[in-house]
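The values are calculated or read from the model by the stated rules, or taken from the named source; none is laboratory data. These figures come from a predicted structure and were not determined experimentally. Cβ atoms come from the backbone with ideal geometry, glycine included; neighbour counts cover every protein chain shown. These accessible areas exclude ligands, DNA and RNA; they are computed on the full protein's heavy atoms, side chains included. Shrake-Rupley method; radii C 1.70, N 1.55, O 1.52, S 1.80 Å.
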Amino acid sequence: MSVVVTAVFHPVAGRTAELIAALRATIPAVHREEGCRLYAIHEAADGTITMIEKWDSREALAAHAVGPAVKALGAAVAELELTEQPTTVTTMTPLPAGTAEQGEL
């Protein structure tokens, strides 16, 4: 069963563009990871940046979590001090409803 993840980043004021650049730098490698269906960043009105992810399985997500792309991103964010608080990560299991196209991410 697939798994959906949101990772909400809280950028330091004035550093949003740098955070987005760091995230974008890791996306191509993550898109090549086994089991990655979706890995996309979004900017919210409250100034947070949210990564929305979809993985084939919890095992694929677990491999991603310890993989080189995540390690590189974590190092860049920490070294450059791009966030003002820890990233909020939420892991979810889809509960399909309605149509196949609209009822499940």
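A compact table of results
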{"quantity": "Residue that is in a loop (DSSP other than H, G, I, E, B) and at pLDDT 95 or above, where the choices are 59, 53, 33, 104", "calculated": "33"}
{"quantity": "From the options 87, 99, residue that is in contact (Cβ under 8 Å) with a residue 24 or more places away in the chain, open to solvent by less than 90 Å² (accessible area, probe 1.4 Å) and among the polar types (S, T, N, Q)", "calculated": "87"}
{"quantity": "Subset tally (residues that are surrounded by fewer than 17 Cβ atoms within 10 Å (Cβ to Cβ) and not basic (Lys, Arg)) for the range 30-40", "calculated": "4"}
{"quantity": "Residue ID - nearest to residue 55 (Cα to Cα), chosen from residues in the range 1-15 that are of a type outside the set (A, V, I, L, M) and part of a strand (DSSP E or B)", "calculated": "6"}
{"quantity": "Residue check for residue 58: within 14 Å of residue 2 (Cα to Cα) and out of contact with any helix residue (DSSP H, G or I) (no Cβ under 9 Å at 6 or more places or on another chain)", "calculated": "yes"}
{"quantity": "Matching residues, the range 72-84, being of a type outside the set (A, V, I, L, M) and open to solvent by 60 Å² or more (accessible area, probe 1.4 Å)", "calculated": "79, 81, 84"}
{"quantity": "Close pairs (7 angstrom Cβ cut-off, 6 or more residues apart or separate chains): closer than 11 Å to residue 25 by Cβ in the range 62-76, in a helix (DSSP H, G or I) anywhere", "calculated": "69/26; 69/29; 69/30; 72/26; 73/22; 73/23; 73/26; 76/22"}
{"quantity": "Residue in the range 3-25 that is over 12 Å from the mean Cα position of the chain (by Cα), hydroxyl-bearing (Ser, Thr, Tyr), buried (at least 16 other Cβ atoms within 10 Å of the Cβ) and at pLDDT 95 or above present", "calculated": "yes"}
{"quantity": "Test set (1) closer than 25 Å to residue 15 by Cβ; (2) open to solvent by 60 Å² or more (accessible area, probe 1.4 Å); (3) in contact with a helix residue (DSSP H, G or I) (Cβ under 8 Å, 6 or more places away or on another chain) - residue 69 fails condition number", "calculated": "(2)"}
{"quantity": "Filter result for residue 86 (touching a Gly at 6+ places or on another chain (Cβ under 6 Å), at pLDDT below 95 and not in a helix (DSSP H, G or I))", "calculated": "no"}
{"quantity": "Subset of the range 41-62 [farther than 26 Å from residue 14 by Cβ and either of a type in the set (Asp, Glu) or open to solvent by 60 Å² or more (accessible area, probe 1.4 Å) (or both)]", "calculated": "53, 56, 58, 59"}
